[in-house]
Amino acid sequence: MKGLKRCISIALVALFLAASLGITFAQKAPTVIPEVVSSQGMVASAHPLASQIGLGILKAGGNAVDAVVATAFANSVVEPNANGIGGEGYIVIYLKGENKATSIDYRSRASFNKAAPDERWPAAGHRSVAVPGTVAGLALALEKYGTMSLAQVIAPAIKLAEEGFVVSETLAGVIADNFKRAMPNAYLMSIIAPSGLPLEAGEIYKNPDLAKTLRLIAQEGSDAFYKGEIAKAIAADMKANKGLIDENDLATYKAIEREPASGTYRGYDIVSAPAPVGGFLLIQSLNMLENYNLKFLGFDSAMKLHLFSEVLARAFDDYYDVLGDPDFVDVPMKALTSQGYANAKAASIKLDAMTLKYEKVNPNSEHWSTTHMSVVDKAGNVVALTQTLSSFFGAAVAVPGTGIILNNEMGNFNGKKGSSAYLPGKRMNTTIAPTLIMKDGQSFATLGTPGAMRIIPTLTQIVTNLIDYGMGIQEAIEAPRMYCTYLQGPGKTTIELEGALFPKKTLDDLTLLGYKVKSYDKRDLYFGGVQGIIIKEGKLYGGADPRRDGAVFGY
Amino acid sequence: MKKTFLLCALFLAFAASVSGQQGLAFAEKPALVTSIGQSADFEMIKVLLSRAKIAFTADPLIKAEGLNASSKTLILVVGASSKGLGAAGISAEDELKRTNALLKKAKELKMSVITLHVGGASRRGAMSDTLIKSCMAASDYAIVVASGDEDGLFTALAAQAKIALTKVERLSSAGAPLAAAFK
């Protein structure tokens, strides 16, 4: 034991010296995907077809909200594993003319029908489905802050669903991975595995039933989904398969406009999605990190990665213990995002030793089937939107005749008591955090990522890559990532990272610090798929994540 | 010698299957299919075997002690999945140990061994490659989706092991050479 302590001490001195002498600042290596630069408008999303559609809307005179709604509907078609009108999300909007930031909560919600007292939410099937919010959320954003009609912004998505698109390697891999989950649902199989085998890269994915559904929404508005024949089809499928959702649940669903969560980091204003999602976790993590000189620690030193683990673990305490649906739980958002609270939390962090133990809920209770898009228009309006089905292909349930794949959000309720516990009609927590960054009253960045529990760690790394390490947006996105929010003490704490892209010494030093290192041998979609745009000196710089099929287009 | 014969036989078998004629085959039924790396590709191969009406049993986690003479051919669906290994609760190291022990037992039982890699480029990487090397060294025949052999790893390993290698463009095309390998 003494020997181990001595080894750790020696290692830490070595780490300190390495950090002092070999500080790594901005990584100026060439990027896998070139950074996109433009000046009028820009769209970054997880699929090139969706980004192109958003750009088309901007060029046609639409504003950033019109473009993001069109991109979101299109992305619901071309990234069916990660989002869709059977899912949900959150939008954060900055309106330049009004100098106003706002957000729209279209999180899904539990049915008002009570679950069994001892109900355990399954990972798939009708019982795992919550009331979808996507259509209501996108329609509300468009109605309040857009300039175009629903029919105009949905039209490109209808065309895509009808005519189909080429399956990418990424989508083919996800379909293959979820083939077994989808097998019990013949209708879903008819969409993603029409020949009986999963659609492969290069084949055409079509969903003509979804085109019909989208056409109805375009013609009749969101009521077609929540009160019309689509609602009837969802409720009937639920009833036939012992799901909880009925027509009343759908008819009473509302998207809600909320004040965003906000904070500061090294002179920048951070504006993100508030409760019941994870924006405050990002702000709190950054508040804690503000106590440290990250440049001094170096970009890829073990000490920096250890610091991030300690910070993120402390932030995530509040995810389970404090965060909840504000309609059901008093969430002290101002306190949670205050610098004083973060400082008090950070006071117990030691750079030379791991915190011994944190009592946590299973950190892998969510999944990484989410998607993010960022849009900036020529007027300077900026939008960040993240939407999800929870797991890839959600509940692995598609509603016959509609083309809609349903979410499995119910599993995001946590425990029987406390802020994140299940109650009928309640919205569940999630870590999604579409985020805007402002500097001196001007927009600086729009960011977001999928990645479940990796969302906040990834965004924290991206923000520090931009602000502390001075990276460009594409470079910040491509830089290697880590994930650790679950401290159990030396020898019991696993840190996951894209190890092949970090120096071997960093991995060795982490082991000396007591971490079990789980190394990925390439950039992996497990760590998210960031899409982002930064605005600097009148130019837009767009970055997309090579970990997925991200694409940026500007003009 | 046996492998040289198989090489020729399988070339003829595949050529015959492509041209629709009855070809030579070396593998006997029933087969036992297992996953090496716990990827979802295992499920797809079960579909292909069912379509080809090849009698088989499937066990993604079968260990050497579970292998017996009732199965004549061992089909290895190789490709590592962190998610799959995690869900199965086994480490990459343990999966490699299971694989090596399984292959040793298959040799003792004189089973034919067929390796399938159908996940393409995305089912490659350090973890997959370690498993692939073990499988290929002990196989009599291999079928791979071509995008998984862009760096020539399978081609080199097949040459080294002196076994036949059939490359197909996509997963759905793997059914024909697989069926043709069975008597």
Rounded to the nearest 10, the angle in degrees between the Cα long axis of helix A:229-240 and the longest principal axis of the Cα atoms of chain A comes to 70
Per 0.36 nm of contour for each residue apart, how much would the distance between B:Asp94 and B:Ala69 grow if the chain were fully extended, relative to their Cα-Cα spacing? 6.6 nm
In vacuo Debye scattering of segment A:199-265, one point per C-alpha: log10 I(q)/I(0) at q = 0.16, 0.25 Å⁻¹? -0.73, -1.06
For chain A, find the longest principal axis of its Cα atoms and tell me its angle to the long axis of helix A:302-321, 0 to 90°, nearest 10. 50
With a ≥ b ≥ c from the Cα gyration tensor eigenvalues, square-rooted, and the rule rounded for a/c under 1.5, otherwise prolate when a/b > b/c and oblate otherwise, segment B:47-131 is oblate
Quick calc, A:Ile256 & A:Ala421: beta-carbon distance into FRET formula, R0 22 Å, rounding 0.05, result 0.60
Long-range amide H partners of A:Thr370 with built H, under 5 Å: A:Gly451
How much of the DSSP beta bridge set in segment A:445-534 is antiparallel, as a percent to the nearest 5? 55
Binned at 10 Å from zero, the C-alpha pair distances of segment B:78-183 give percents of 15, 46, 35, 4
Rounded, prolate or oblate: which fits segment A:274-424, taking a ≥ b ≥ c as square roots of the Cα gyration tensor eigenvalues, rounded meaning a/c under 1.5, else prolate when a/b beats b/c? prolate
So which lysines can A:Lys378 reach, going by Cα to Cα under 17 Å and dropping same-chain residues fewer than 8 places off? A:Lys59, A:Lys96, A:Lys100, A:Lys536, A:Lys539
Determine, for each peptide in A:526-536, A:251-261, A:273-283, B:53-63, the mean count of other beta carbons within 10 angstrom over its residues, then list the peptides with the highest first. A:273-283, A:526-536, A:251-261, B:53-63
With x for Gly and Pro, the residue-by-residue ³J(HN,Hα) of segment B:128-141, computed from phi through the Karplus equation 6.51 cos²θ - 1.76 cosθ + 1.60 at θ = phi - 60° and given in whole Hz, is 5, 4, 4, 5, 4, 4, 4, 5, 5, 5, 10, 9, 9, 6
What do you get for Rg/Rh of segment B:27-75 when both radii come from the Cα atoms and Rh is the Kirkwood radius? 0.95
Distance in nm between pseudo-label sites at B:Glu28 and A:Leu356 (7 Å out along the Cβ direction from Cα): 6.3
As an exercise, find the ratio Rg/Rh for segment A:397-555 from alpha-carbon atoms, using the Kirkwood inverse-distance average for Rh. 1.03
List residues of segment A:506-531, by number, whose backbone nitrogen lies under 12 Å from a label position 7 Å along Cα→C-beta of B:Ala87. none
If every Lys and Arg gets +1 and every Asp and Glu gets -1 at its Cβ, then about the Cα centre chain A yields a dipole, in debye to the nearest 20, of 1200
Under 18 Å from A:Lys242, Cα to Cα: aspartates and glutamates that are on another chain or at least 8 residues apart: A:Asp118, A:Glu119, A:Glu409
When you look at the Cβ of every residue in B:170-179, what mean number of other chain Cβ atoms sits within 10 Å? 2
State the answer as a single residue: which of A:Ala261, A:Gly542, A:Val382 lies farthest towards the positive end of the charge dipole of chain A, with beta carbon charges of +1 for Lys and Arg and -1 for Asp and Glu, about the Cα centre. A:Ala261
Evaluate peptide B:38-47: per residue, the Cβ atoms of other protein chains within 10 Å of its Cβ; return the mean as an integer. 4
If amide H atoms are modeled at 1.01 Å from N in the peptide plane, then the residues at a separation of 5 or more from A:Gly87, or on another chain, having amide H under 5 Å from its own are A:Gly133, A:Thr134
Once you have all Cα-Cα distances for chain B, histogram them in 10 Å bins from zero and send the whole-percent values. 10, 42, 39, 8, 0
In degrees rounded to 10, the 0-90 angle between helix A:64-78 Cα long axis and the longest Cα principal axis of chain A is 80
Averaged over the residues of A:176-183, the number of partner chain Cβ atoms within 10 Å of each residue's own Cβ comes to 5
I'm a student and want to see the number: the projected area of the Cα convex hull of the protein assembly as shown, averaged over all directions, in nm². 32.1
Rounded, prolate or oblate for segment A:228-348? Axes are the square roots of the Cα gyration tensor eigenvalues, ordered a ≥ b ≥ c, and the cut-off for rounded is a/c under 1.5. prolate
Given segment A:337-473, what whole percent of its Cα pairs are spread farther than 26 Å? 42
Over segment A:27-66, the quotient of the Cα radius of gyration and 2.2 N^0.38 Å is 1.39
Provide, as a two-decimal number, the C-alpha radius of gyration of segment A:280-345 over 2.2 N^0.38 Å, N being how many residues it has. 1.23
Tell me which lysines have Cα within less than 22 Å of B:Lys46's Cα, excluding those fewer than 8 residues away on the same chain? A:Lys180, B:Lys29, B:Lys63, B:Lys72, B:Lys83, B:Lys167, B:Lys183
By average C-beta atoms within 10 angstrom, highest first, the peptides A:263-272, A:373-382, A:449-458, B:149-158: A:449-458, A:373-382, A:263-272, B:149-158
Once amide H atoms are placed 1.01 Å from N in the peptide plane, what residues at a sequence separation of 5 or more from B:Ala58, or on another chain, have their amide H within under 5 Å of its amide H? B:Val33
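Each value in this text was obtained by applying a stated rule to the coordinates, not by laboratory testing. All values reported here derive from a predicted model rather than from experimental measurement. Counting neighbours? That spans all protein chains shown, and the Cβs are built from the backbone with ideal geometry, glycine included.
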